[in-house]
């Protein structure tokens with residue numbers, strides 16, 4: 001039975017004897033209260049119809065989305081930041097290549113069906129995934145990732161309980177992480193285009209969430225762009241309506257991706273315009289978050 005104060009569970013006794021409290025290790029009420037702070041926090045699931053206008057607007061704000069990510073500590077600087085601003089590296093065990101530089105003569109003569117060596121290495125992750133114990137965080141800039149590749153600076157990422165293994169750091173890690181970031185961002189932009197979020201340049205600018213530049217603008221289109229700039233403020237500019245500030249985000253894909261990726265992206269989605277305007281939508285907001293993360297990395 002539950003006590004009058006609801007804090008403990010009591011065991012009933014025969015012959016009218018007074019109930020006795022259960023031992024703490026067997027008391028479900030005590031155990032639930034003891035471990036409630038260790039339980040993972042459930043995501044708040046709300047019906048979109050129940051959100052206020054401000055909450056709907058906040059949900060479409062990429063900066064708010066970035067700041068709302070869980071805080072983690074950079075292993076290099078010990079600073080705690082939302083993980084949007086951190087590069088995520090996974091510690092994994094992978095099969096090494098068949099012939100390695102340190103292989104001995106016995107290794108070279110092993111049968112073909114012999115499995116490859118298992119090596120402990122670091123794998124770049126553009127976004128959070130996997131168990132918390134297998135990932136580590138550092139500041140999400142190229143300078144920091146390049147610094148880790150100098151000498152053995154990357155060893156700061158290895159926790160104490162795993163330093164007995166032989167870890168390897170890929171010298172091309174800055175480019176590997178950049179490639180993962182670019183691929184993830186292009187996939188999300190493709191989701192936006194396939195969802196029909198692309199709109200014409202002459203449509204309602206208040207519904208524009210993101211502007212993507214794909215090529216050089218000629219003089220005629222330059223004049224048109226300047227005429228539209230009052231309706232589409234570039235990144236860093238904003239205009240005020242009432243008590244709220246509206247901001248459209250503009251990105252030059254040629255500065256964020258390789259020329260081959262831009263050409264392939266435009267060909268895949270049959271893009272012929274020099275500017276793509278994406279409507280305000282949660283998928284567009286997710287794409288802006290990825291674009292910001294990519295821009296912060298290569299800046």
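Any read-out appearing in this document is the output of simple, stated calculations on the displayed coordinates, not a laboratory observation. Here the structure is a predicted model, which is why all the values come from computation and not from measurement. Cβ atoms come from the backbone with ideal geometry, glycine included; neighbour counts cover every protein chain shown.
Considering only C-alpha atoms, what is the centroid distance from region 24-85 to region 146-186, in Å?
Cα centroid of region 24-85 versus Cα centroid of region 146-186: 27 Å apart.
Taking R0 as 51 Å, what FRET efficiency do you get between residue 24 and residue 270 from their Cβ-Cβ distance, rounded to the nearest 0.05?
0.15
By average Cβ neighbour count within 10 Å, what is the ranking of 34-40, 151-157, 138-144 from highest down?
138-144, 151-157, 34-40
Fewest to most neighbouring Cβ within 10 Å: what's the order for 210, 74?
Fewest-to-most ranking of 210, 74: 74, 210.
Go through 7-15, 185-193, 81-89, 64-72 and give me the packing order, highest mean Cβ count within 10 Å leading.
81-89, 185-193, 64-72, 7-15
Assuming R0 = 41 Å, what is the FRET efficiency of residue 168 and residue 63, from their Cβ-Cβ distance, to the nearest 0.05? Could the numbers behind the result be given before it?
Values: r = 37 Å, r/R0 = 0.90.
After rounding, the FRET efficiency stands at 0.65.
Using 0.36 nm times the number of residues separating residue 207 and residue 41, minus their current alpha carbon distance, what extension gain do you get?
56.4 nm
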